[in-house]
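Here the structure comes first, spelled out in structure tokens, and everything after it is commentary.
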Amino acid sequence: MTKHNPAARTFASLAEQAKSAFADRPPFKDFLQPAPTLANQYTSDRALAAALGALIPASTLAAWTNDLTRLGARVADGPDGDIFQWGNEAELNPPRLEQFDAWGQRVDRIHVNDAWRKLHGVSAEEGIVATAYEAAHDEDGQWMQRVLQMAKLYLFNPSSAIYSCPLAMTDGAATLIRDKLRLSSGSLPADLRAKLEVAYDRLTSRDPARMWTSGQWMTEWPGGSDVSRTETQAVPIDAAKGIYALRGFKWFSSATECNMTMALARVEDDARLSLFFIELRPDAENGCDKLNGIEIVRLKNKMGTKALPTAELRLNGCVGYMIGERSRGVPEIAKMINVTRIYNSVCAVSAMRRVLAIAEDYAEKRQVFGKLLKDQPLHMHTLHSLQSECLGSTLFAFYVATLQGRTEYPTTTPSAFDRLDTLGASHLLRILTPILKLYTGKRAVAAISEGLELIGGNGYIEDTGIPRLLRDAQVLAIWEGTTNVLSLDVVRVFQRNPECWKTLSEVMSWMASGETRLEVMVGELISYVMGLMGSGRLEVVETNARRLAFNIAHVMVAVLMRRADLDKGEWERWVDEHPLALNVVQTSVVAKL
């Protein structure tokens, strides 16, 4: 064909010339960009160091250092980074549902990768749940165990393939059961008490073979966050012993391979829901893996959190034990949700920190336009903004963790950090937890997106793991209450618990005292809140609920930065980059859109 085709002959000749054109030149070497690496994730983290240094006595922090340093190496990508490697392996091998065996028998088994099981084991050994329940060396410092636990979670989460999710519900269930056993000394049926004692021991164990994980079954088709529309029914089998049969459909159950769960259901025609303790495989200790009246309908095909088994479940004759008073299920499970929201927040700031760590190292290695990125003013200005967001959000998250610990372990001595006693800490915990969760959940998505962009095209490549961080972060703004749902919860706090806002405004005023700019900021916020809440128009208050929550978050972080004795430039930068939105949006404006 080439003989009769002049164009082909011409191209063949050119091809030969092209091959020989570089014959007398050195071999071409492909450029290889040095990859960013993760240093020890504890010793290299300025935000975590600042938060712990401000909130924890130096002697206690020194006692934690070896433990946290060792964990910081395990979650990095160096030679000691076994957790990092297991997380990647679990992500590459998502769970699989086997509904029937070869003979048509329903088995409903979820198969997970061995790396996922190793993450369970290491989470037990590291005490990521257990630490909060273990005795401190100093009885007066028992509340600090909650902070140490959150520091471990912060390090573990970004490398864990979101094994932090089942740990959140496990911890929440342990808190709920602990308080129930403490406060219901004679009112619990003997069989239920025995079951709860076993469950608590298992949930808080450091032995991988003994440690249980828990689920939390709330979401159903009709309601989502509106749990009042729950359709699951509960019929008494032996009401005196608290034993019920449950029937219904749970639409979104994360960590479906868990050992137990807490579930909401409606007894007969009750207007309000009740809470039930369920063992998924009650005879597992005897080698029987038969589910307790539960069918796994399908695994969810989610945007992110791919390694985490999440399923739709049908309950049909599932045996459950009522926890607490009948029709008081939502207040009961609130104790669990408070813990899971703090987990959500700590996971959000740790994900921010992970992308920041990658971007910081990349800036030391990537050269553009004749300079390293670290020498490019605009790039570094953007990176510093990300550092500021991470620092402020981390301080906020760990401050709320201290409030959780101080509320769990009351003391008569007011805290030197905020001058609050246990009652004051509980007021602050109630109003700040939803604000922290909605703020960090929302900011994590934006911050990780910014970090990805700082890394450029490589940040968009799946193999780097950065796109996965972004996908996984999106759930943090949804799980345990979307931004809107939590903003309306903040409004309810103002309406039902005015002492919470009173305590918060006093704490912010005290922390701002002596710095005119912060004093003005706090004063503007208080005036805004009084004007909005005093308007008498619920629809206006609800329309502005997000703005209210974000304004409080911006001021709270600013005064915390000042109280933590950070450099003045740190909190001034925060104030510059987080101006208050003080105008009140009228519902008439919204209606026109």
Looking only at the stretch 218-233, decide whether some residue is in a strand (DSSP E or B), modelled with pLDDT of 90 or more, in the same structural domain as L280 (by TED's automatic domain parsing) and of a type in the set (A, V, I, L, M, F, W, C). no
Counting only residues that are more than 22 Å from the chain's Cα centre (by Cα) and in contact (Cβ under 8 Å) with a residue 24 or more places away in the chain, how many does the stretch 386-426 have? 8
So for the stretch 17-34 (the condition being in contact (Cβ under 8 Å) with a residue 12 or more places away in the chain, surrounded by 10 or more Cβ atoms within 10 Å (Cβ to Cβ) and not polar (S, T, N, Q)), does at least one residue qualify? yes
Name the one entry in V346, V319 that is hydrophobic (A, V, I, L, M, F, W, C) and either farther than 20 Å from G53 by Cα or without any contact (Cβ under 8 Å) to a residue 40 or more places away in the chain (or both). V319
Any residue at all in the stretch 434-453 that is over 19 Å from the mean Cα position of the chain (by Cα) and farther than 27 Å from A54 by Cβ? yes
Note down all Cβ pairs under 8 Å where the first residue falls in the stretch 146-174 and is on the phi > 0 side of the Ramachandran plot, the second is of a type in the set (D, E) and at pLDDT 95 or above, and they're at least six residues apart or on different chains. A161/E91; I162/D472
Set A307, A284: member being surrounded by fewer than 22 Cβ atoms within 10 Å (Cβ to Cβ) and either of a type outside the set (D, E, K, R) or at pLDDT 95 or above (or both): A284
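Here's the yes/no breakdown for (1) charged (D, E, K, R); (2) in the same structural domain as F398 (by TED's automatic domain parsing); (3) assigned to a helix (DSSP H, G or I):
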{"residue": "P94", "(1), (2), (3)": "no, no, no"}
{"residue": "A102", "(1), (2), (3)": "no, no, no"}
{"residue": "A115", "(1), (2), (3)": "no, no, yes"}
{"residue": "S123", "(1), (2), (3)": "no, no, yes"}
{"residue": "H137", "(1), (2), (3)": "no, no, no"}
{"residue": "R146", "(1), (2), (3)": "yes, no, yes"}
Exactly one of (1) touching a Gly at 6+ places or on another chain (Cβ under 8 Å); (2) part of a helix (DSSP H, G or I) is unmet by F156. Its number? (1)
Can you confirm whether the stretch 346-361 contains a residue that is hydroxyl-bearing (S, T, Y) and either within 28 Å of L153 (Cα to Cα) or part of a strand (DSSP E or B) (or both)? yes
When the stretch 507-562 is examined, which residues are found to be loosely packed, with under 15 Cβ neighbours inside 10 Å and of a type in the set (S, T, N, Q)? S513, T516, S527, S535
Residue ID - modelled with the highest pLDDT, chosen from residues in the stretch 536-571 that are within 22 Å of L403 (Cβ to Cβ) and not in a helix (DSSP H, G or I): A564
Test each condition in (1) within 21 Å of A132 (Cβ to Cβ); (2) assigned by TED's automatic domain parsing to the domain that holds I177 for K195 and report the one that comes out false. (1)
Restricting attention to the stretch 127-137, and to residues there that are in contact (Cβ under 8 Å) with a residue 60 or more places away in the chain and farther than 18 Å from L176 by Cα, which single residue is surrounded by the fewest Cβ atoms within 10 Å (Cβ to Cβ)? H137
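Residue-wise test of (1) surrounded by 16 or more Cβ atoms within 10 Å (Cβ to Cβ); (2) within 22 Å of A401 (Cβ to Cβ).
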{"position": "G172", "(1), (2)": "yes, yes"}
{"position": "Y200", "(1), (2)": "yes, yes"}
{"position": "L203", "(1), (2)": "yes, yes"}
{"position": "G223", "(1), (2)": "no, no"}
{"position": "A234", "(1), (2)": "yes, no"}
{"position": "F249", "(1), (2)": "yes, no"}
{"position": "S253", "(1), (2)": "yes, no"}
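The values are calculated or read from the model by the stated rules, or taken from the named source; none is laboratory data. Bear in mind the structure is a predicted one, so any value in this text is a computation, not a measurement. For neighbour counting, all protein chains shown are included, and Cβ atoms are generated from backbone atoms with ideal geometry for every residue, glycine included.
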